[in-house]
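Notes to accompany the following structure.
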Amino acid sequence: MNRAVVRNVEGLTADLLPPARRAGDPRRADAGPVRVLFLNANDLGFATTSRHLAAATAARPDLDALHVNLATPRWLRWASAPGPLQSYRAARSWGLLMGRWFAGPLPLDRFDAVHVMTQQRALALAAPRGHGRPTPFVVNIDATSIGWRDTFGPPTRRSNLDSRTERRVFAAAAAVGCYSRWTMASVVNDYGIDPAKVFLYVPCVPTPHAAEAMRVRARRPVPGGGPLRLIFVGNDWQR
């Protein structure tokens, strides 16, 4: 079930959070639904993935989910604009913002686990917070800074603040969900992360949309019975 879907922490009140545990209680005090905090990116294709996740958890009685859709403030967009050390600057900026949330209206000790998109938004989860047991988190990524530079250029030093920040996040995460095998290979080979905690997560179109595509093909058959004709819309055709 979904406890709530909110934008940042706007409108997040105490009654929308899972109840607090008594001092000394284990994180899983009973066999009830697993309490999961979803920190959802809402840029480009991540917004679609976030909507699919919320729809999926709504039908899961074994989950008690709170979805926080992360809207990027104007100051943070400026601080993480494309350029040198973009990943590091974005991670530090999100870390400052989300660190305040975790110390205030969004206490992590109410949850059994956290799912966060992307590594730039996960630094606050990797940072030490007091003396309590850290909340396990899964980070969901589409690329790494080393993989991006090595594949698309321009070439730079493989070890810099971008990659060191990402390595810290990947090492602290309970698992790393990757959008492609290219990304998985980079997490393991470039960052030295245990392959046992790296898995392939391929965001996809729900099957009702695929079924509709086949109905369109049936209505508009390809001359000669050839393959389905597709148009790709994008902005970086050179690669």
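The values are calculated or read from the model by the stated rules, or taken from the named source; none is laboratory data. For clarity, every value in this text was computed on a predicted model and none was experimentally measured. Quick reminder, even Gly has a Cβ in these numbers, built from the backbone with ideal geometry, and neighbours come from all protein chains shown. Side chains are part of the model used for accessible areas, which takes the heavy atoms of the whole protein and leaves out ligands, DNA and RNA. Shrake-Rupley method; radii C 1.70, N 1.55, O 1.52, S 1.80 Å.
Roll a 1.4 angstrom probe over the protein heavy atoms and tell me the percent of accessible area of the range 1-125 that is carbon or sulfur.
Carbon plus sulfur share of accessible area: 59 percent.
Which order do H115, H52 take by accessible area at a 1.4 Å probe, largest first?
The most accessible residue leads, giving H52, H115.
Rounded if a/c is under 1.5, else prolate if a/b beats b/c, else oblate: with a ≥ b ≥ c from the C-alpha gyration tensor eigenvalues square-rooted, which is the range 27-82?
Oblate.
Which FRET efficiency, nearest 0.05, do N189 and D15 yield, Cβ-Cβ r, R0 41 Å?
0.35
With a sphere of radius 15 Å drawn around the Cβ of A65, what net charge do the other residues whose Cβ falls strictly inside it have (Lys, Arg +1; Asp, Glu -1)?
+2
For the range 1-120, compute Rg over Rh where Rg is the Cα radius of gyration and Rh is the Kirkwood radius from the inverse mean 1/r over Cα pairs.
In the range 1-120, Rg relative to Rh is 0.99.
I want to check the label-to-label distance for A174 and A79. Put each point 7 Å from Cα in the C-beta direction and report it in nm to one decimal.
Result: 2.8 nm between the two label points.
Stretched out fully, how many nm does the piece from M214 to I231 gain, at 0.36 nm a residue minus the Cα gap?
Contour length minus the Cα-Cα distance gives 4.6 nm.
Could you tell me whether the range 108-188 comes out rounded, prolate or oblate from its Cα gyration tensor? Rule is a ≥ b ≥ c as square roots of the eigenvalues, rounded for a/c under 1.5, then prolate if a/b exceeds b/c, otherwise oblate.
It comes out prolate by the Cα gyration axes.
Please find the FRET efficiency linking R181 to D109, where r is the Cβ-Cβ separation and R0 is fixed at 45 Å, and quote it to the nearest 0.05.
So the FRET efficiency works out to roughly 0.80.
Any chance you could run the full-extension gain for Q86 through A56? It's 0.36 nm times the residue separation minus the Cα-Cα distance, nm to one decimal.
7.6 nm
Could you please put E212, E10 in sequence from largest to smallest accessible area, using a 1.4 Å probe?
Largest accessible area first, the residues go E10, E212.
Counting only protein chains, not ligands or nucleic acids, how are I231, I141 ordered by accessible area (probe 1.4 Å), most first?
I231, I141
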